[in-house]
Amino acid sequence: MIKLEQLFKWYSQGNNRSFVLKDINLSIEAGDFVSIMGPSGSGKSTLLNVIGMLDEPNEGKYYFMGEDVLAMKTKKRNQLFQAHMGYVFQSYHLIDELTVYENIETPLIYKNLSSADRKAIVSDLLDRFHIVGKKDLFPAQLSGGQQQIVGIARALAGSPKVLLADEPTGNLNSKQGEEIMELFTQLNKDGVTIIQVTHSEKNAAYGHRILEMLDGQIK
Amino acid sequence: MTASRILNRKNKGFTFLNIIGLAIGMGAAMLILLWINFQWSIDRVYPKTHRLYVVGQQDVSTNNEIAVWFSTPKPMAAVMKAEIAGVENLSRLSGINGLLFSVGETKILSKVGSFVDSSFLQLFDLPLLAGNPSTALRDPSQVVLTEKLAISLFGTSDVLGKTVQLDSTQQLLVSGVLKEVPKSSRFTGYEYFLPWTLMEKMGYSDEHWGNSSVNLFVEMKEQANIAAAQAQLKNLIKRHSEVSTQSFLKPIKESYLYNTYKNGQQVGGRISMVKTFSYIAGFILLIACINFMNLSTAQSEKRAKEVGIRKVVGAPRFRLIGLFLRESLQLTAIAGLLALLLVMLFLPVFVGIVGQEVNIPYLDIRFWLLFVGFIVFTGLLAGSYPAFFLSSFNPIRVLKGRFQQLHSKFNPRKFLVVTQFCIAIVLIISTVAIRKQIQHAQDRDFGFTQDNLVYMMEVGDMKKNYPLIKHALLERGIAQSVTRMMSPLTERWSGWNGFTWAGKDPNEVIQINRQSADDQVVATAGFTLLQGRDLDLAKFPTDSMAAIINETAAKAMGFKDPLGKTFNDGNDQYHIIGVIKDFIQESPFEPIKPLVIEGANGFMNTYHIRFNPKLSTEEALAKTEQVFKEYNSAYPFQYQFVDEAYAFKFMETQRTGTLASLFAGLTIFISCLGLFGLAAFMAESRIKEIGIRKVLGASVFSVTRMLSKEFLLLVSLACLIAFPIAYWIMDQYLAHFSYRITLSWDIFLLAGAGAILISMLTVSFQSIKAALANPVDSLRNE
């Protein structure tokens, strides 16, 4: 499903290049659950961003569902990723001015779904994550764990094939973290490919495999 | 924190906008205030200003409306001094133009001067460089010159007792040299004063109570009872003559600003202009201050973290308040200096637009106090919000980054933006409406043919040689026709309500304008003849007692078939030989008044020459000059184009229009500067949200739209508020013009659309910039 070949990413500082990603070769199959670990600055978030095409590599090949992503036109690539990827962030990144319901609905608006379709999908997700009672609350009125559940629900609204999570439990206590990991396991069982970046060995263990990164390289 | 560090900070773009906006606003307000200051000083500069009055007259005119004017019959002065209690001194003034002064070979045709009574110089305390003010204008052989005219004539100002020749007739002794008359005096520009006794000697004086032709200025005693004097004065003319006119005293200090009368009542005048512009100055300043506050508070919220840290390390609250106020004061001081620079730079341009000498009173301490006071006021006002609001925060809350109050439903910043744009839109609408009004009057059919037509005043030997001059002009193919008239076509010099005709209702008062012409007036002026024929003195010698009237006069006199009818002007009876289509003699903004053009029997002082269209204008002028060299050699050849004289009628309104558009432009510019900064701030404060939305699939367009929408709503709201206000203001303004446009919706639509377009262009730059940014940068975990 995802195949990276000889991927490099660097920043130019004067004449020097400081590499963030160095010669990454990686293949992830559909239905996989991958945990990326490594110390701060090892390039794990950058790798996740590149996989999610929020960031572009300087060199290398990236195939998503058999297609050469880097050769695609921007518009087509955006459509492809919008249709198949969902993102979860460490600090949730909910929109403060919108209610829980509206936050989940936002990506569907950008997909130009009709209001009835959106309503059906959001209601379904609220149900599934047991947050129906909180749908009219604002993010500030929720606990961190609850906010992250909303974040995951929002990521899943577009029924993505891949869920990208950057330290999804980083701002949560261990009990809340466990709940999120249980949720990921369940999602993975339902067929969603999950790639998560984490600091925690315990959370990493929920994955089928663990990639250790150091200085921009996979060990 | 010093000002230089504020300027060098990462936000220097903001700071720059902020200072520029405030400087422009302050500069514009300063220019207007300088102009207003000048307006207030006009005719208030005399040491005895508070005791000086000008005598006004009023009488019933057409439609029983009461007309007011400020000229008086010549015999009034002596009678007034004898009969009215409290009169200390008085002087008549009768303006003249086109007198030729010569000293040896130096000849100067001086445009502005007047005959005055001997007390004139003392009345107004006009300072003499040389000569005795109490005796300088006593004998008919005396003349008082300004220093400037003296130097042009003699090459020196030391000319007391020297001889100057006036026209070809009078030898006068210079009895006084006048310093330049202050710009704020009504006598500014006057180059000479001649004794009244000379006027009598030259035979220009008359004792008719019905001829109001000279100004009369009165100095009242310090203890004088003005009300009693007014009562005594009221029917003074009636007591001495058959004339029904009533008189009154008007304080000279009010004569410039309060100059408009409607049906005998004082109803504003230039004062309304002064008021309007003081409002505009206030508004521009307000807008600039709003900007300054808006931008500096927007910026200071970004400094909440700095405040938090300072508090954590132990800064007491008053120190923080001091910090913000000091910074704000430093910025306003920079803006103030910049504003002063702008004013110096643009003062000449501004003077050109308003057509009046406006100066920066560098030596006036009040100016500097006001200047510093304003800087301090603005600085404190703008600094107060961040100073008191931010310093009140709980540092932990601020440091945790939960400092968010940006998108609340009511936000003072939004209120300020609406206010700003409201003012800007009102100004735009006013500008458009004034322009349309001018255009409207310019498009009006003026009723005569303006091109190829010049006029000149009769001076020197012109009167004596008129038949020769006319013959030469026609014979040599220079002119198509030549007509001697009372006044220039575009001016009204005479008129009264004493015309009579068969069938006139004796109780009805009808004011009719009077013009006179000797011959071929329809041909020369290019009038449209509706009935009858032109004046033709060669063919019909009786045409000296004939008259041509305009349509409105025919209607006013009630003549269905005016040809052959007669009317009386005093003892003279004229028979009507032609009716012309109405033409604009007076204001193009007013309805046309009844007019009779009397034949050669009337007073005539102005020549109109219609050039032969086969000649170029230069050629025609050169040949005309030759003719006048031959027959009026002592005088320089001077002439005026009728079309230029006509265009002059629009000058004051055009000035208003130019000023209004200038200030509307400035207001919009300052508002947009503010909007630009605010949009940048908004985009920056929502950068995370924009990032999230983009990750969730929002397009650049949808983000841009989201960011601009809020401003669109604000500006639209401003439109809704501004429209009725602008309508009300313009309705009042246009009421000054009888011939005027109706305020149509398209003016409002245009202004609204313009404001929205400009604001959206301003905002969208920032929105697009924000929308194009890479979301990863903004979403990176801290």
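Charge dipole (Cα centre; +1 on Lys/Arg Cβ, -1 on Asp/Glu Cβ; no other charges) of the range B:49-255 amounts to roughly 220 debye.
Projected label points at B:Ile226 and B:Lys201, each 7 Å from Cα along the beta carbon direction, are separated by 3.8 nanometres. Look at the dipole of the protein assembly as shown built from charges on Cβ: of B:His50, B:Ala773, B:Ser738, the Cα furthest out on the positive end belongs to B:Ala773. Computed extension gain for B:Asn263 through B:Asp364, at 0.36 nm per residue and net of the alpha carbon distance, reaches 32.2 nm.
Inter-chain neighbour count for A:83-94: the average number of beta-carbon atoms from partner chains within 10 Å of each residue's beta-carbon is 3. In percent, rounded to a whole number, the relative contact order of chain B is 15, using alpha-carbon pairs under 8 Å and six or more apart. Under the shape rule built on the C-alpha gyration tensor, where the axes satisfy a ≥ b ≥ c, the range B:549-673 is oblate, since a/c reaches at least 1.5 while a/b does not exceed b/c. The rule of thumb for compact globular proteins, 2.2 N^0.38 Å, goes into the C-alpha radius of gyration of chain B 1.22 times.
Antiparallel beta bridges, as assigned by DSSP with both residues in the range A:77-219, represent about 20 percent of the total such bridges. Near A:Leu211, the amide H atoms lying under 5 Å from its own belong to A:Ser35, A:Ile36, A:Met37; only residues 5 or more places off or on other chains count, and H is placed 1.01 Å from N.
A Förster radius of 22 Å, combined with the Cβ-Cβ distance separating B:Thr500 from B:Phe70, puts the computed FRET efficiency at roughly 0.25.
Projecting the Cα atoms of B:Ile549, B:Ala718, B:Gln515 onto the dipole axis of chain B, where Lys and Arg carry +1 and Asp and Glu carry -1 at the beta carbon, places B:Ala718 farthest toward the positive end. The label point for A:Asn58 and the one for B:Leu468, both projected 7 Å from the Cα toward the Cβ, are 10.0 nm apart. Restricting the range B:220-253 to trypsin sites (Lys or Arg not before Pro) that sit in a DSSP loop and have at most 16 other Cβ atoms within 10 Å of their own Cβ leaves B:Lys221.
Plugging the Kirkwood radius over Cα pairs into Stokes-Einstein for the protein assembly as shown, at a temperature of 10 °C and a viscosity of 1.306 mPa s, what D comes out in µm²/s? Diffusion coefficient, whole number: 44 µm²/s. Annotation: lysines with alpha-carbon distance below 30 angstrom to A:Lys22 (same-chain offsets under eight excluded): A:Lys3, A:Lys9, A:Lys44, A:Lys61, A:Lys73, A:Lys75, A:Lys76, A:Lys161, A:Lys202, A:Lys219, B:Lys688, B:Lys694.
Could you check how many percent of all C-alpha pairs in the range B:478-602 are farther apart than 17 Å? Counting pairs separated by more than 17 Å, the tail of P(r) holds 53 percent. What number in nm² do you get for the range B:195-250 if you take the convex hull of its Cα atoms and divide its surface by four? Seen from a random direction, the Cα hull of the range B:195-250 projects 4.9 nm² on average.
Sorted on the mean count of surrounding Cβ atoms within 10 Å across their residues, most packed first, peptides A:129-140, A:46-57 read A:46-57, A:129-140. Sites listed here are trypsin sites (Lys or Arg not before Pro) in the range B:608-660 whose DSSP assignment is loop and whose Cβ has at most 10 other Cβ atoms within 10 Å: B:Lys614. Scanning chain B for long hydrophobic helices, with DSSP H runs required to stretch 30 angstrom or more by C-alpha along their axis and to average at least 1.6 on the Kyte-Doolittle scale, returns B:317-354, B:365-385.
Between B:Asn612, B:Ala683, B:Ile226, the Cα set farthest toward the positive side of the dipole of the protein assembly as shown (charges on each charged residue's Cβ, about the Cα centre) is that of B:Ala683. Seen from a random direction on average, the alpha-carbon convex hull of the range B:49-255 projects onto 12.1 square nanometres. For GluC sites (Glu not before Pro), the sites in the range B:296-361 that DSSP calls loop and that have at most 13 other Cβ atoms within 10 Å are B:Glu357.
Among the residues of A:165-173, the average count of other protein chain beta-carbon atoms within 10 Å of the residue beta-carbon is 1.
Averaged over the residues of peptide B:695-703, the number of Cβ atoms from other protein chains lying within 10 Å of each residue's Cβ is 6. Spacing of the modelled spin labels on B:Glu644 and B:Ser244, each 7 Å from Cα toward Cβ, amounts to 4.4 nm.
Using the Cβ-Cβ distance between B:Arg317 and B:Ser685 with R0 set to 35 Å, the FRET efficiency from 1/(1 + (r/R0)^6) comes to roughly 0.90.
Cα gyration tensor of the range B:62-128, axes a ≥ b ≥ c as square roots of the eigenvalues: rounded (a/c below 1.5), prolate (a/b > b/c) or oblate? Oblate, since a/c reaches 1.5 and b/c is not below a/b.
Here, each number is a calculation from the coordinates, and none is a lab measurement. This is a predicted model, so every value here is computed, not measured. Using ideal geometry, Cβ is built from the backbone for each residue, glycine included, and neighbour counts are taken over all protein chains shown.
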